[in-house]
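Peer 1: Just dropping this structure here.
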Amino acid sequence: MGASSRRRVRVGARDGVSATEAVGAAVEVVDLAVTPLRELNQRLHDLAGPAGGPRRWRVVNPNGEHALACGLNAEVEVEVDGHAGYYCAGMNQLATVSVRGNAGPGLAENMMSGSVSVDGNASQSAGASGRGGLLVVHGEAAARCGISMKGIDIVVRGSAGHMSAFMAQRGRLVVCGDAGNALGDSIYEARLYVRGSVASLGADCVEKELRDEHVDELRDLLTRAGLDDVDPASFRRYGSARELYAFKVDNAAAY
Amino acid sequence: MPSPDSHDPWSLRESYLFDRATIAEIQRAAREGIYDIRGFGAKRRLPHFDDLLLLGASISRYPLEGYRERCGTDVTLGTHHAKTPLELKIPVTIAGMSFGALSAPAKEALGRGASEVGTSTTTGDGGMTAEEREHSKLLVYQVLPSRYGLNPDDLRKADAVEVVVGQGAKPGGGGMLLGHKISDRVAGMRDLPKGIDQRSASRHPDWTGPDDLEIKIGELREITDWEKPIFVKIGATRTYYDVGLAVKAGADVIVVDGMQGGTAATQDVFIEHVGIPTLPAVRLAVDALLELDMHRKVQLIVSGGIRSGADVAKALALGADAVSIGTAALIAMGDNSPELDEEYRKLGSAAGFYDDWQAGRDPAGISTQDDELAARFDPELGGRRIANYLRVLTLEAQTLARACGKSHVHNLEPEDLVALTVEAAAMARVPLAGTNWIPGSNGPA
């Protein structure tokens, strides 16, 4: 990394908003090559407090650190300039986190609100158990994307791996490419949209009619994800057959 | 039943292999075509703390004055990494039990009772209720495979975090809550449709294996700014290895739940046939901690079949820092009360036998989501009973510790114990009473 990335604008978060405004719209740059992750996350967490602080942040030299920008709870923008490790933006609330690289497992796990995006690929379990907010993967998503999702919306520009939307309870998963094996296994009330092929559907997941209201829903999700060039009418919809909601011995073969 | 007059005793011999309970279960299975799901823990006889005895002081050891000299009971959990460890006044905590499995007033009572005597209570598979947070001075927040109700606000409100890998009643199994207990409120907290049979995941959605667990714990520490102790709870199976891996993954506290540990709803076959008893599990956990030089640095909580102060004292003597109670806490609050015998009989059970905690029809108002049944339960009275029971457990453990000459319950040690059976001697690695024989050991301890 060149010297430029070592720039470190040391505007104290604890100095309040006025100190930030003194450097205009300057972005608070934190270089993880010199700043410990703990310090970065603590400063980002402190933004939820009464003192507030800078609203725009840029993290350089992330070098695949785990737990980057996790537990945020303020309306701030954080740009990660490189690759992130496990659990980037985990349990996010309110914040907008953008990864300009690839992200490791558990990206935006259990997100509550706000939005998280990754320019590259996301490893397995992206958006796991997420309860709200929007996750956008501009590359490919690996296995178990949207596993256990509970209200999050996930839009994948590329394809999603096997066991995606496993036990998906609520929310929407949109896959513009293909979906791997066992899509939506043991799904509850989440809605799944896939434009390409589906290798196989999991237990109790079935194709359903794509009605106008679903096209409208898709258009809105794609727009919010910044994917205006994708035709919302070109998707197929999948959801729960609701056959396994009550345990019946006659269904035992389904597992 | 045939009378002895008409049948000779030889023809009335009951088969050991096919006893009346076994015959009834075969007939039920053939009739219903589904495995038996029930609450409670293992019912079979297992090697347990009853198979150990404490050696009181005599000439070579001197006792403490039973009614006068101080015997400490405090325990601090989470001294390894956490900025704010849990300071408990007694070495007995309340185990994780979900709102869903238990009614809201029952959860409140657990918090009231635990807080009154200075110990902690624990959430469960389904999230944190406002009632239990309000009434629990110290509340441990569970992060389970299902992640039902999990949210960072509650995580930050908690006093400690417990990553649940498994529980003694069903190591390797996920939670289960049958449809009749999924009320509007439970469904809302869990993001599920009302009334479905909820069978939750047995694996965490975003980590697999010890290396991932270490990173997961790191994330939870980051989110909570390294303030809160992080517990890892495991069902007792390969306990020596699991404890070692959990310590290496960065846990502050290890919770080991033996196979006698209770459950609100699990297959009977799972409860009775998976896992190892609490007795060997304690010893294996302590072995792992000693080997890593982490005994007393990473604290050990043991659960699964703790009923009395004797169980507490013996678990601590084997090296645990604290114990947890679940089933016993429910009984203390009024579960299986003789006063409800008639109502239990209407449900096909009787006081002292009721284990249909999965059914949601508990006349005590504890293991139910029915508003009318839950309203029968008085959380203040329940809280007082929990506090009373916890006090008795503590007083009993102190009595035994003083008799062994210990000024703190943590000073109890394996040397204070002998075993009544060869099995218990081998599992607890203490000598068979009256001998210096520890089966499996090369010589005297």
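None of the figures in this text is laboratory data; all of them are computed from the coordinates on show. Not measured: the values here are computed from a predicted model. A quick note on method: Cβ atoms are made from the backbone with ideal geometry, for glycine too, and the neighbour counts reach across all protein chains shown.
Peer 1: Report the equivalent ellipsoid semi-axes for chain B in whole Å, largest first, defined as the square roots of five times the eigenvalues of the gyration tensor built from alpha carbon atoms.
Peer 2: Details: eigenvalues 206, 183, 96 Å².
Those come to 32, 30, 22 Å.
Peer 1: Another question, then. If you restrict to DSSP beta bridges whose two residues both lie in chain B, what percentage is antiparallel, to the nearest 5? Each step should come with its number before you reach the end.
Peer 2: Numbers: 11 of 43 bridges.
Taking every DSSP beta bridge within chain B, about 25 percent pair in antiparallel fashion.
Peer 1: Of the GluC sites (Glu not before Pro) in the stretch A:174-216, which ones lie in a loop per DSSP and count no more than 11 other C-beta atoms within 10 Å?
Peer 2: Details: sites: A:Glu189, A:Glu207, A:Glu209, A:Glu213; in loops: A:Glu189, A:Glu209.
In loop regions of the stretch A:174-216 (DSSP not H, G, I, E or B), the sparsely surrounded GluC sites (Glu not before Pro) are A:Glu209.
Peer 1: Let me ask something additional. Please tell me the relative contact order of the stretch B:31-93 in percent, rounded to the nearest whole number, where contacts are Cα pairs under 8 Å and at least six residues apart.
Peer 2: Values: 27 pairs, mean separation 11.7, N = 63.
Taking the mean separation of contacting Cα pairs over the length of the stretch B:31-93, I get 19 percent.
Peer 1: What residues qualify as long-range amide H neighbours of B:Leu52, i.e. H under 5 Å apart, gap of 5 or more or another chain, H built at 1.01 Å from N?
Peer 2: Under 5 Å from the amide H of B:Leu52 lie the amide H atoms of B:Leu420, each far enough along the sequence or on another chain.
Peer 1: Go through B:Lys107/B:Lys233; B:Lys89/B:Lys181; B:Lys43/B:Lys297; B:Lys107/B:Lys314 and tell me which ones have a Cα-Cα distance over 31 Å in this structure. List each step's numbers first, then the result.
Peer 2: On the way: B:Lys107/B:Lys233 20 Å; B:Lys89/B:Lys181 35 Å; B:Lys43/B:Lys297 34 Å; B:Lys107/B:Lys314 28 Å.
As for pairs spanning more than 31 Å Cα to Cα, those are B:Lys89/B:Lys181; B:Lys43/B:Lys297.
Peer 1: In deg cm²/dmol, rounded to 500, what helix-only [θ] at 222 nm does chain A give when every DSSP H run of at least 4 residues adds -39500 (n - 2.57) and the total is split over its residues?
Peer 2: Numbers: 3 runs with 29 residues, N = 255.
My calculation for chain A gives -3500 deg cm²/dmol from helical runs alone.
Peer 1: Peptide B:224-237: average number of partner chain Cβ atoms within 10 Å per residue? Don't skip to the end; give the middle numbers.
Peer 2: Numbers: counts 2, 6, 3, 0, 0, 0, 0, 0, 0, 0, 0, 0, 0, 0.
For this peptide, the per-residue mean of nearby foreign Cβ atoms is 1.
Peer 1: Further question: Which order do the peptides B:62-72, B:169-179, A:77-87, B:254-264 come out in when sorted by mean C-beta neighbours inside 10 angstrom, highest first? Kindly include the intermediate steps, with their values, before the conclusion.
Peer 2: Values: B:62-72: 12.3, B:169-179: 21.6, A:77-87: 23.3, B:254-264: 29.1.
Order by mean packing, descending: B:254-264, A:77-87, B:169-179, B:62-72.
Peer 1: Helix A:37-46 versus the longest principal axis of chain A: what is the Cα-based angle in degrees, 0 to 90, to the nearest 10?
Peer 2: Roughly 90 degrees, rounded to the nearest 10.
Peer 1: Using amide H atoms built in the peptide plane, which far-off residues or other-chain residues are under 5 Å from B:Gln142 H to H?
Peer 2: HN-HN under 5 Å from B:Gln142: B:Thr123, B:Gly124, B:Glu162.
Peer 1: So, one more: Hey, can you rank B:359-365, B:99-105 by average C-beta count inside 10 Å, highest first? Intermediate values should be presented prior to the final figure.
Peer 2: On the way: B:359-365: 23.4, B:99-105: 27.1.
Ranking the peptides B:359-365, B:99-105 by packing returns B:99-105, B:359-365.
Peer 1: Other chains' Cβ within 10 Å of A:168-174 residues: what's the mean?
Peer 2: Values: counts 0, 8, 3, 1, 0, 0, 0.
For peptide A:168-174, the averaged partner shielding equals 2.
Peer 1: Going by how many other Cβ atoms sit within 10 Å of their own, how do A:Cys88, B:Cys404 line up, fewest first?
Peer 2: On the way: A:Cys88 34, B:Cys404 23.
Placing the least packed residue first, the sequence is B:Cys404, A:Cys88.
Peer 1: What is the ratio of the Cα radius of gyration of the protein assembly as shown to 2.2 N^0.38 Å, where N is its residue count, to two decimals?
Peer 2: Working: Rg = 27.5 Å, N = 700, 2.2 N^0.38 = 26.5 Å.
For the protein assembly as shown, the normalised Cα radius of gyration comes out at 1.04.
Peer 1: Hey, what do the phi angles of the stretch B:135-149 turn into as Karplus ³J(HN,Hα) couplings, whole Hz, using 6.51/-1.76/1.60 and θ = phi - 60°, x for Gly and Pro?
Peer 2: With coefficients 6.51, -1.76 and 1.60, one gets 9, 10, 5, 10, 10, 9, 9, 7, 10, 10, x, 6, 6, 4, x Hz.
Peer 1: For chain B, what is the calculated [θ] at 222 nm in deg cm²/dmol (nearest 500), taking -39500 (n - 2.57) for each run of four or more DSSP H residues and dividing by its residue count? Walk me through the numbers on the way to the answer.
Peer 2: Numbers: 15 runs with 149 residues, N = 445.
Per the formula, -10000 deg cm²/dmol.
Peer 1: Across the stretch B:119-130, in residue order, what do the Karplus-derived ³J(HN,Hα) couplings come to in whole Hz, using 6.51 cos²θ - 1.76 cosθ + 1.60 with θ = phi - 60° and x for Gly and Pro?
Peer 2: 10, 9, 10, 9, 6, x, 6, x, x, 9, 9, 4
Peer 1: Apply the Karplus parameterisation 6.51 cos²θ - 1.76 cosθ + 1.60, with θ equal to phi minus 60°, to every residue of the stretch B:21-35 and state each ³J(HN,Hα) to the nearest whole Hz, in sequence, with x for glycine and proline.
Peer 2: With coefficients 6.51, -1.76 and 1.60, one gets 5, 5, 4, 5, 6, 4, 5, 5, 4, 5, 6, 9, x, 9, 5 Hz.
Peer 1: Here is a further query. Report, by chain and number, residues whose modeled amide H sits under 5 Å from the one on A:Val30, excluding near sequence neighbours (fewer than 5 apart, same chain).
Peer 2: Correct list: A:Arg58, A:Val59, A:Val60.
Peer 1: Now for a separate question. Give me the extension gain from B:Arg70 to B:Thr421: residue separation times 0.36 nm, minus the current Cα-Cα distance, reported in nm with one decimal. Walk me through the numbers on the way to the answer.
Peer 2: Values: separation 351, 0.36 × 351 = 126.36 nm, distance 3.30 nm.
Result for the pair: 123.1 nm of gain on full extension.
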